[in-house]
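The values are calculated or read from the model by the stated rules, or taken from the named source; none is laboratory data. None of these values were measured; they are calculated from a predicted model. Here the Cβ is made from the backbone with ideal geometry for all residues, glycine too, and neighbour counts use every protein chain on show. With ligands, DNA and RNA removed, areas are computed over all heavy atoms of the protein, side chains included. Shrake-Rupley method; radii C 1.70, N 1.55, O 1.52, S 1.80 Å.
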Amino acid sequence: MAAPIPGSTQEYEGSMASVKAVFSAAPLALRIVAECPVSKARACTLTLPHCAVSTPVFMPVGTQGTLKGITVDQLEDLDCQICLGNTYHLGMRPGPELIEKANGLHGFMKWNRNLLTMVSLVELSEVTEEGVTFRSPYDGKEILLTPEQSIAIQNSLGPRVEEAMHRSVRWLDRCIAANKNPDRQNMFAIIQGGLDAKLRKACLDEMTKRDVPGFAIGGLSGGEEKDDFWKMVTLSTDHLPREKPRYLMGVGYALDLVVCVALGCDMFDCVFPTRTARFGSALVPWGSLQLKQKQYAKDFQPIDPDCQCPTCRRHSRAYLHALFKSDTAAMHHVTIHNISYQLALMRSVRQSIIEQRFPAFVKAFMKRMFSSREQYPSWAVEALQAVNICVC
């Protein structure tokens, strides 16, 4: 569950031409490069203290200062501009003191690009005005995490829906007050409210009064019905400031990414591509390949013949199928492919927005993902129709 505590973002370099609009809120500046004239999709450049991120962007999740199954050098080779860390896990192990001695999480990881840190709580036991008490997954001890402690850890790194929503607003003010590095770390307010439109709108009204650098849309990756999910996403983007980045938390399925870009979101994160790789599932434009299945034992094609990732350039489906029986390197190879797939998808989405052909891109994406229009998920069709893209 995502805690109602703002996260922070930093760093990577780049530049974009043909800027339509520029908005600054140091240490962050958002440049709107292009907007889809039909939907709410937009392509932006998010300039951070040391560099910039091209959006829409998918951010791989590295819970404890590393992505499982992939190295920092490999992430850089895939042109990953930003990835995630988890304040709670890093605060438990290795701890903020050690990370601070390494000159922050960037120094600890030897990662020179962007980081976004956030809090995800495990075995939540009690929420009070003072903070959140939960059990450590390492030794079972109870831990109290206050907003001030959360921000302190992030500085070192570089329930009831209505009650939680109001507490989120109060804790936002405490987090803003506790942030010692506002010149280097951007704090995103997390919009809560569950699936209640009135509560979510109330949270939007309150949090957008605060001059924070960006906004995250939280509380929508917990298995809720997709019909409810997309309506809360579009409600949120309807009321978030145009000049601030919009981060939809915990979303990583390819279809969800494309639809939610159409609904106006800029940034996404999820463990899905790395987690599914460990089970032998390789992401492809038509869904996924379950490489452990017998049908791939003598299949000497790459995972995706059109993919240019290191795995697809070198290894066959048959090789990976055999490797899964004997060597954990198989998970490593598929993880590289899956991260590459997600990053390439978002680059293609961005380019289609810049070239003013995003609706056509969406239609082609749906046609390739599903074998017939009858298989298109009704929620996705309805969500796209709400922003004037007809795929039926």
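Data for the structure
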item: The range 280-392 - convex hull of alpha carbons, volume per residue in Å³; result: 109 Å³
item: Computed P(r) (all Cα pairs; the range 282-323; 5 Å bins; percent); result: 6, 28, 35, 26, 6
item: Net lengthening on full extension, E374/R314 (0.36 nm per residue, minus Cα-Cα); result: 18.0 nm
item: Segment D327-D196, extension gain: residue separation times 0.36 nm, minus the distance between their alpha carbons; result: 42.5 nm
item: Of every Cα-Cα pair in the range 343-392, the percent that sits beyond 12 Å; result: 64 percent
item: Solvent-accessible area, 1.4 Å probe, carbon plus sulfur percent, for the range 279-392; result: 52 percent
item: Probe 1.4 Å, protein heavy atoms only - accessible area per residue of the range 306-392 in square angstrom; result: 49 Å²
item: Point-to-point label distance, E163-C390, nm (Cα→Cβ direction, 7 Å offset); result: 4.8 nm
item: Sequence-distant lysines (8 or more away, or on other chains) whose Cα lies within less than 28 Å of K141; result: K68, K101
item: Cα-based reach from K244 at 20 Å (exclusive), listing lysines while leaving out same-chain residues under 8 positions away; result: K20, K40, K201, K209
item: Peptides ranked, highest mean first, by Cβ atoms within 10 Å: ranges 253-265, 277-289; result: 253-265, 277-289
item: Only Lys, Arg (+1) and Asp, Glu (-1) charged, at Cβ; the range 188-267 dipole about Cα centre in debye; result: 220 debye
item: R242/Q290 FRET efficiency (R0 41 Å; Cβ-Cβ; nearest 0.05); result: 0.45
